[in-house]
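Presented below is the structure to which this report refers.
The values are calculated or read from the model by the stated rules, or taken from the named source; none is laboratory data. Predicted model, so just to flag it, every value in this text is computed and none were measured. Every residue, glycine among them, receives a Cβ derived from its backbone with ideal geometry; neighbour counts consider all protein chains shown.
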Amino acid sequence: MSEVKVHRGGGKVNQTVEVGVHRLVADEPVTNGGEDTGPAPHDFLAIALGTCTAITLRMYSQHKQWPLEDAEVTVTVSKESDSTRLNRTIRFVGDLDDAQKARLLAVANQCPVHKTLSGKIEIVTNAL
């Protein structure tokens, strides 16, 4: 996996995110004091789960030679008092039967990001 570097961007609170050769912008919505120049941090969490799910389903269906044209994945994040809920909805596009759809739903739960978020996570912070 690539190292992710985050440093101050040019706006009020936005941040420049460097991942390998890629450059992204993270920000907060105007209602949270940002300028909405990029996704908010929790959006990146939803992006990670959604893209991993879609990629995993595409790779699995290609391996099985199933007629999956697209897996449209929608993820919303909701914060409750002391927990976070990720709601994922998957719309399968293609001529799939019910057994294939059921298998793909099970495969979605095996995507690496889903497994990471469902497992034990340890965050170690060091200061330089």
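For this structure, a couple of remarks:
- Screening segment 49-61 for residues that are of a type in the set (Gly, Ala, Ser) and either crowded, with 18+ Cβ neighbours inside 10 Å or outside the structural domain of Asn87 (by TED's automatic domain parsing) (or both) and picking the one that is nearest to the chain's Cα centre (by Cα) gives Gly50.
- Per-region count, segment 1-31, residues part of a helix (DSSP H, G or I) and modelled with pLDDT under 95: 0
- Filter pass, Val19 being surrounded by 13 or more Cβ atoms within 10 Å (Cβ to Cβ), in the same structural domain as Met1 (by TED's automatic domain parsing) and among the hydrophobic types (A, V, I, L, M, F, W, C): yes
- Any hit, segment 102-114, residues being loosely packed, with under 13 Cβ neighbours inside 10 Å, in contact with a strand residue (DSSP E or B) (Cβ under 9 Å, 6 or more places away or on another chain) and without any contact (Cβ under 8 Å) to a residue 12 or more places away in the chain: no
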